[in-house]
Amino acid sequence: MSGLDTIRQQLLAFRDERDWKQFHTLKNLIISLNLESAELLELTQWKTDTQLDALKNDPGFRTALRDECADVLLYLLLVADDAGIDLLEAAQAKIAKNAAKYPVEQAFGSAKKYTELKDAARRKDQE
């Protein structure tokens with residue numbers, strides 16, 4: 001059993017002990033996941049990258065960041081559980097899909113979207 005499975009089982013037990021499954025429809029879970037993601041995003045609002053790098057060493061910021069990351073993970077686990085998705089398998093498949101979309105020779109050091117990389121490669125081939 002993976003660490004994610006252990007956390008998922010603890011989370012489901014926590015939920016079920018409180019009879020909250022009745023509120024955990026897929027739609028509600030996805031909404032809650034996005035609300036928690038917004039709280040994570042809020043930690044960065046009005047801060048520069050330099051300020052955020054410095055805040056990584058601030059105990060109060062680290063606690064808030066840790067808590068919001070955990071909230072996002074917990075709701076993601078609930079979404080995946082409700083939808084019957086194996087997150088580790090899905091993540092591995094997505095990495096493989098992204099590797100095909102972003103070949104190293106085209107994407108190395110570039111922030112371009114895969115469609116832009118394809119267009120650039122096509123233009124290069126036509127030269």
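The values are calculated or read from the model by the stated rules, or taken from the named source; none is laboratory data. All values reported here derive from a predicted model rather than from experimental measurement. Cβ: placed from backbone, ideal geometry, glycine included. Neighbour counts: every protein chain shown.
Residues in the stretch 96-121 that are surrounded by fewer than 10 Cβ atoms within 10 Å (Cβ to Cβ) and at pLDDT below 90: 1 in all.
Does the stretch 87-94 contain any residue that is part of a helix (DSSP H, G or I) and surrounded by 16 or more Cβ atoms within 10 Å (Cβ to Cβ)? Walk me through how you get there before you give the answer.
We begin by selecting, within the stretch 87-94, every residue part of a helix (DSSP H, G or I); these are 87-94.
Within this subset, residues satisfying the condition of being surrounded by 16 or more Cβ atoms within 10 Å (Cβ to Cβ) are 87.
Within the stretch 87-94, one or more residues are part of a helix (DSSP H, G or I) and surrounded by 16 or more Cβ atoms within 10 Å (Cβ to Cβ).
With the condition kept exactly as written, say whether any residue in the stretch 26-34 is assigned by TED's automatic domain parsing to the domain that holds Leu76, without any contact (Cβ under 8 Å) to a residue 12 or more places away in the chain and in a loop (DSSP other than H, G, I, E, B). No: the stretch 26-34 contains no residue that is assigned by TED's automatic domain parsing to the domain that holds Leu76, without any contact (Cβ under 8 Å) to a residue 12 or more places away in the chain and in a loop (DSSP other than H, G, I, E, B). Looking for whichever is touching a helix residue (DSSP H, G or I) at 6+ places or on another chain (Cβ under 6 Å) and within 27 Å of Ser37 (Cα to Cα) here; the options are Leu73, Leu117, Leu87. Which one fits? After ruling out the rest, the residue left standing is Leu87.
Here's the yes/no breakdown for (1) in the same structural domain as Gly3 (by TED's automatic domain parsing); (2) of a type in the set (S, T, N, Q); (3) touching a residue at least 24 places away in the same chain (Cβ under 8 Å):
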{"residue": "Trp20", "(1), (2), (3)": "yes, no, no"}
{"residue": "Trp46", "(1), (2), (3)": "yes, no, no"}
{"residue": "Asn57", "(1), (2), (3)": "yes, yes, no"}
{"residue": "Val79", "(1), (2), (3)": "yes, no, yes"}
{"residue": "Ser110", "(1), (2), (3)": "no, yes, no"}
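The residue list Arg8, Arg66 contains one member that is part of a helix (DSSP H, G or I), of a type in the set (D, E, K, R) and surrounded by 11 or more Cβ atoms within 10 Å (Cβ to Cβ), which is Arg8. State whether the residues of the stretch 60-72 include one that is polar (S, T, N, Q), out of contact with any His (no Cβ under 7 Å at 6 or more places or on another chain) and more than 22 Å from Gln10 (Cα to Cα). The answer is no; no qualifying residue exists.
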